[in-house]
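Worksheet: the structure to be examined is printed underneath.
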Amino acid sequence: MANIYSSLKHYLKTFAQRKNPHFEIELVCYRAPAGRPGSFVAQRSIEVKPLVFFKPSILVGILVSCLFLGTTRDALSDDFASVGLYQSFDELVTWAHAFETTNSDLVNLVEFGRSYQDRPLLALQISVQPGINDPTKPEFLFTAGLHAREVIGSQAAFQLAEHLVDGYRNGDPATMDSLAEREVWIVPNLNPDGRIRVEEGYSRQRKTMELFPGQNPNNYTRGVDLNRNFPHRWDQALSTVTDETYRGPSVLSTPEASSLWSILQDNDYFNDLWAAIDIHSGAETILAPWTSPTEFRDYPLPPEDRAKFDFLADTMSQLTGLSTDRLSYDSYGVLADSLYETFGAYAFVEEIFTGPWYYPYDYFKYFNPINQFGIDESVNDAIASAMFLISDDAFLIAIPEPSSLVILSLMGFLFILRLLEPGKDQGMSRAEARRRRG
Ligand SMILES: [Zn+2]
């Protein structure tokens, strides 16, 4: 079936390009879920009408072909299985155990909880003292897979683990230094249930697989958005159960989020979370708190935190080519914001890839590269950012204090703002955050 589709696509491309060498065509056949007939869409990359080149008879031909070919959307568009370049969750689990066994001097594998459908939630501790929480060493956390369909993130996370161990074995001085002085924690997939659904061909799944009244068990409405289930301003996140950003019935309601939160507060594992990156896709940007543009504007961070965040984000941006542009929408209950608020960690959201976005939405291709070159590029971005964040260059370099004049004027400005808008005081210093942690 896929071959017939490819031939048709090839024919149409050749036909279109003969007419105009700059013309790009993307043909998508699919069957709508409610049994609507198959349909097609022709996309173009330049400002010409997409269908003007086709005679009516050819259009009818395409339509009939699509009706015939459009048995399932998944067979005809890209999905986890058809792309075939990504490690599955089961393979990830097998890999993680083998990785620990062969590298027991550097790697400690911890199952810190079980998902809603009882799959393992795994974390890899990578340091020269695996299995030990040395209270003199700060921790660095890399998480991925909170959103099920963003498969590239988990790929980046497990390759980061391999990169660290390879670097150490090969005697790379920076890696050896980082692993000797710091403890790196990698959670390669926090949403295994949603991930399995994506692997089964439903590329739209973002949330967990827990089912709430009002949600359709068979589509994207099902579940909780893990990246809205964390404590920071959770009450302002969306409570609509059918929305893709549903926050859940209560803060940390999901076993996935609450298990992660528990291990972060467990002194057997963590004592000083210094920095973190939560890896996503669907944009190409590095975001420091606060992730919501409204909150970012209205509740500025203390200047010393802002300066350090900016330095780290700008450097990671230069290393990767990812921007530091804010997203256009507000989001609350976000993991990175919560890590900063609760632990005082320099925590980032890193969006490492985005693909084309057009109707009918091809979710897999939008959130994930579908060729090895694209995968390598995105994975390398995630690795470059992580290697910088755990390095002396990030950890040891002091950011120059803003001059006292700047601080005085800023304080005066903030004071006036506070007089005007009482109650808006969410900015918190790292010291305050640590005190609150208790
Ligand atoms: Zn995401």
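What follows is calculated from the coordinates using simple rules that are stated; it is not laboratory data. Predicted model only: the values in this text are computed from it and were never measured. For neighbour counting, all protein chains shown are included, and Cβ atoms are generated from backbone atoms with ideal geometry for every residue, glycine included.
Listed by first and then second residue, the pairs with beta-carbon distance under 6 Å, at least 6 apart or on different chains, first residue in the range 309-329 and touching a residue at least 60 places away in the same chain (Cβ under 8 Å), second assigned to a loop (DSSP other than H, G, I, E, B), are PHE311/ILE399. All conditions but one from (1) assigned to a loop (DSSP other than H, G, I, E, B); (2) under 28 Å from PHE311 (Cα atoms) apply to ARG247; the one that does not is (2). The sole residue among SER253, SER259, SER281 that is touching a residue at least 40 places away in the same chain (Cβ under 8 Å) and either farther than 24 Å from LEU389 by Cα or out of contact with any strand residue (DSSP E or B) (no Cβ under 9 Å at 6 or more places or on another chain) (or both) is SER259. Filtering the range 210-222 to residues that are surrounded by 16 or more Cβ atoms within 10 Å (Cβ to Cβ) and closer than 18 Å to TYR363 by Cα leaves TYR220, THR221, ARG222.
Results for (1) within 16 Å of the ligand (Cβ to nearest atom); (2) in contact with a strand residue (DSSP E or B) (Cβ under 7 Å, 6 or more places away or on another chain), shown as yes or no for each residue.
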position	(1), (2)
VAL110	no, yes
SER127	no, yes
GLU139	no, yes
VAL151	yes, no
ALA157	yes, yes
TYR168	no, no
ASP172	no, no
SER178	no, no
LEU190	yes, yes
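What residue, among those in the range 114-152 that are small (Gly, Ala, Ser) and buried (at least 19 other Cβ atoms within 10 Å of the Cβ), is nearest to ALA386 (Cα to Cα)? Of everything passing the filter in the range 114-152, ALA144 is nearest to ALA386 (Cα to Cα). What are the residues in the range 239-253 that are over 18 Å from the mean Cα position of the chain (by Cα) and crowded, with 18+ Cβ neighbours inside 10 Å, if any? VAL241, GLY248, VAL251, LEU252 - these are the residues of the range 239-253 that are over 18 Å from the mean Cα position of the chain (by Cα) and crowded, with 18+ Cβ neighbours inside 10 Å. Within the range 209-247, the residues that satisfy the criterion of being under 20 Å from PRO192 (Cβ atoms) and more than 16 Å from the ligand (Cβ to nearest atom) are MET209, GLU210, LEU211, PHE212, GLN215, PRO217, ASN218, ASN219, THR221, ARG222.
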